[in-house]
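Read through the structure below, which is laid out as structure tokens, and then see the notes.
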Amino acid sequence: MSNSAKKIALGVSLIAVLIAAWVSVVRRTDDALVVYCAHDLIFAEEILHDFEKETGIKVIIVGDTEATKSLGLVQRLIREKNNPKCDLFWNNQVLGTIDLAEQGLLQPYKGSGYERIPSQFKDPEGLWTGFAGRMRVWIYNNETVTGDEQAIVEQFETGDLSRMAIAMPIYGTTLSHFSILWQDLGEKGMKAWFEDLQQRGCKIVPGNSTVKNLVAEGVCDIGWTDSDDFFVGLDDGADVSMLPIRANGKTICLPNSVAIIRGTKKQEDAARLMDYLLSEKIELALAKSAARQIPLGPFESGDLPDDVKPLAEWAKESVDVTQFSQSRNECLKWLESELLEQNPVAPLGE
Amino acid sequence: MNWTEALIWSAGRSLILAIIGTVIANGLQTWLRGLSGAKKKRAWGGLLLPFFVPSLMTGYCYRDTAMSLIHFPWAKEILYGLIVMMQAVPVAVIILEFSSSPATSATALYSGGLMKLASTERWKLFLTSRFQYSLAAFCLLFVLSFQEADLAALMQASGWTEWMFTKHVGGLALQETISLTLWPILIQIPFLVPIVLWLGKAGDRNFNIIERSTLSQPGRDWFCTAWLSLAIAIVVIVPGSQLIRGIFIGFGSLFLQPSTFRELSDALLIAGTTTVGTLGLAVACRFFLIQNGSSAGRWLLFCLLIPGSMGNLALGLMLAGIFQTEPFQIAYDTPVPLVLGEILAILPRTLILLHCLSRMNFPASEYLVEMLKSSPDVRQRDQAIELAWQTQGRIRFITVAIVGFWAYFEVMLPSILAMPGLAPVGLVLYNNLHYGRIAALGAKLALAFMFPFLIALGVLQLRKLWSRLLLN
């Protein structure tokens, strides 16, 4: 064989191998349930792999990240609405899922899992169901702050906040938190409150885990975060404590939410997974995991870890998070303009 | 910060980095020319190392440092700028080193001054002197720092890429994404022109032309040594030590996770496909667009470089939008958007790499090897294969390895364009870095880093074995 012929044969073989490899990758989703999962994959993967083992249903997980939340799964689902790839959406909060429901992207399903969850944590039509909540909490460094809730709130309302951090409020649980405040304070009150917060030096950082890191390392003294992020810090040996954040006297318990995507070709498998996630077994597994998430459905109190018991009590005093969909959209619109400001130079082409 | 301020901030930072970086690069290149033997090889190795450290590694190392500087935002910006400059300056040195002889030498320029030529004549001489290569280096430094997005996201450095990231919270239509992206492209276009002109220049490297004194100057030598040492310390040693620490934390448990092998093989598959596509396109560009010397060819080349100059964030968002439109939707659920995006993103630096490595070819020796290959003696033909490796094969291997390395460690495009079921290891790591659970990631990052090197070493060993079998 001549040199040129050898080179051509090598090139063709290489391309054939690459094509074969890609075909096998593309076919991974053929018989699999595609789950878009915004929950922390370190916890979610284990649960979904257990589901695979128990049922034999293959699951492909597409994850979300704190940094790409702005490009995240909710936006991806909206982008794919005419040609959905996802079968089931596991969100780590509820307002984004409600947004999808309002856009007609979800399919109703009321299975055994749906029935066991209280009404304040689920859609009445069965478009989505909440489970495994986490609290919005104050995290504070024990070396610099006493555990007096009143003192912390007083400092927050009137004092210097240069050593306080909150996560970027345009996505995730912080957006949900701000949506609740928007409803409480109204548009004018919210804007004045946020301006005051920034003027007193409050730091805005990429995400809740960053807040936790800053407080744990003593760079900041207090912050707003989620209870699961707090426990990660505690497990790492940080000298931190937490208190529940209250809005108008009520705590803020933000559930995960799960929904079936309209247009799925695997309705039965998706329903099975949905019931699995909403079961007492999984809620307790998430409670016992490092995330210490709060079961929302009925359970045997003896099964609950000691860390989670106080959280479960706080969760009983929670706001009804399903009421904040409209304020979420208004709040988000305002936050986009507030954080990105007015744009004196319009994008080209407008 | 609004869109205008974000653009001005990014452009201003990039200008400062490019000016300082060009001065440093000129000093480094002259210093390196004055070295010889093993000292020269070590210096070149030390210079290039920071360039090849992926943003995953520097981000892994400095993310928490950047966050802890929250009370000192200027310190964070300076740290970010320093890391970007330390990684980009080696490329500027490469541009200067692999440039052909300028049309106007330093002597001619000086003579023009002595002759008191008209200012327009002296200006023309100046533009065709070594200055044009410093200009190309300056422009490349500007472009590299302006479009940098991965490290900026991890360190939360201010700029247009972070602004655009945030803007997509509410979702943006394709039209809006394109219109937002046009401003960064317009800003970069004037800086792309000198780079394209540099790519179009033929001629040998100016090995023997003395443009500047390469005699040892204590001040310059001290500065260059200090710069190299600092760059290696900040960009290589500190992140590397964290990587090594990570090996001891949980390395064993990695192999118990079935997803680890799939993530590594996904990354390898993406890198392999992108490398084949990028090199094919780059070779075609050099042959049809650059070497034929036509202005139409240069314009087409310029257009091909524009997607790569958008930055990977903007490029990914645009492709995601385009592949959701009616005619292209059929390819959305395939690797096409991701592979296309990576090819377009890596093409500009691949062209520069090929241009530089082509200056290391020696046509006479290649011709002799070809003659030896057609010898009737079997041993001579086998020796020709070994010689071909020494003269051409090594350079091709280095080219493939470098392009594959860039594709393997690309994180922004997979985070936007990877289809369900495809999770390359770089993407998994990048996602988890943002959660801040850094301690647990060290082992996986170390494995992800070692994997391509082990593959390359394996290929080299196989080649040696094959060569020994042939010669024995």
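The values are calculated or read from the model by the stated rules, or taken from the named source; none is laboratory data. No experiment lies behind these values; they were computed from the predicted model shown. Here the Cβ positions follow ideal geometry from the backbone for every residue, glycine too, while neighbour counts run over all protein chains shown. Note: areas computed on protein heavy atoms with side chains; ligands, DNA, RNA excluded. Shrake-Rupley method; radii C 1.70, N 1.55, O 1.52, S 1.80 Å.
Here are the numbers for this structure:
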| item | result |
| --- | --- |
| Residue pairs meeting the criteria (Cβ under 9 Å; at least 6 apart or on separate chains; first within 13 Å of B:LEU69 (Cα to Cα) and charged (D, E, K, R), in region A:197-219; second open to solvent by less than 20 Å² (accessible area, probe 1.4 Å) and modelled with pLDDT under 90) | A:GLU217/B:MET67 |
| Test: residue in region B:426-439 that is of a type in the set (Gly, Ala, Ser), within 14 Å of chain A (Cβ to nearest Cβ), touching a residue at least 24 places away in the same chain (Cβ under 8 Å) and open to solvent by less than 40 Å² (accessible area, probe 1.4 Å) | yes |
| Which numbered condition B:ALA157 misses (of (1) touching a helix residue (DSSP H, G or I) at 6+ places or on another chain (Cβ under 8 Å); (2) away from every other protein chain (no Cβ under 14 Å); (3) not in a helix (DSSP H, G or I)) | (2) |
| Any strands (runs of 3 or more DSSP E) falling wholly within region A:195-290 and containing at least 2 residues that are within 14 Å of another protein chain (Cβ to nearest Cβ) and either open to solvent by less than 10 Å² (accessible area, probe 1.4 Å) or among the hydrophobic types (A, V, I, L, M, F, W, C) (or both) | A:203-205, A:222-226 |
| Whichever residue in region B:124-149 is of a type in the set (D, E, K, R) and surrounded by fewer than 23 Cβ atoms within 10 Å (Cβ to Cβ) and, among such residues, is nearest to the other protein chains (Cβ to nearest Cβ) | B:LYS124 |
| Region B:67-93, subset modelled with pLDDT under 90, part of a helix (DSSP H, G or I) and open to solvent by 30 Å² or more (accessible area, probe 1.4 Å), residue farthest from the other protein chains (Cβ to nearest Cβ) | B:PRO73 |
| Subset of region B:1-26 that is farther than 30 Å from A:LEU339 by Cβ and open to solvent by 20 Å² or more (accessible area, probe 1.4 Å) - its residue that is farthest from the other protein chains (Cβ to nearest Cβ) | B:VAL23 |
| Condition met for A:ILE61 (within 12 Å of chain B (Cβ to nearest Cβ) and without any contact (Cβ under 8 Å) to a residue 40 or more places away in the chain) | yes |
| Selected residue [surrounded by fewer than 20 Cβ atoms within 10 Å (Cβ to Cβ), facing chain B (nearest Cβ under 9 Å) and of a type in the set (A, V, I, L, M, F, W, C)] from A:VAL74, A:VAL17 | A:VAL17 |
| Of all residues making up region A:300-324, the number that are surrounded by fewer than 17 Cβ atoms within 10 Å (Cβ to Cβ) and touching an Asp or Glu at 6+ places or on another chain (Cβ under 9 Å) | 2 |
| Lone unmet requirement of (1) of a type in the set (Phe, Trp, Tyr); (2) closer than 21 Å to A:LYS316 by Cα; (3) without any contact (Cβ under 8 Å) to a residue 60 or more places away in the chain for A:TRP193 | (2) |
| Odd one out for A:ARG79 among (1) open to solvent by 10 Å² or more (accessible area, probe 1.4 Å); (2) modelled with pLDDT under 85; (3) in contact with a Ser or Thr (Cβ under 9 Å, 6 or more places away or on another chain) | (3) |
| Check on B:ALA314, in contact with a Pro (Cβ under 7 Å, 6 or more places away or on another chain) and either surrounded by fewer than 20 Cβ atoms within 10 Å (Cβ to Cβ) or within 14 Å of chain A (Cβ to nearest Cβ) (or both) | yes |
| Residue check, B:GLY59 open to solvent by less than 10 Å² (accessible area, probe 1.4 Å), within 14 Å of another protein chain (Cβ to nearest Cβ) and outside any loop (DSSP other than H, G, I, E, B) | yes |
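Yes/no matrix, rows are residues, columns are (1) of a type in the set (Val, Ile, Thr); (2) surrounded by 20 or more Cβ atoms within 10 Å (Cβ to Cβ):
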site	(1), (2)
A:PRO84	no, no
A:GLU115	no, no
A:PRO124	no, no
A:THR129	yes, yes
A:TYR140	no, yes
A:THR144	yes, no
A:GLU149	no, no
A:VAL153	yes, no
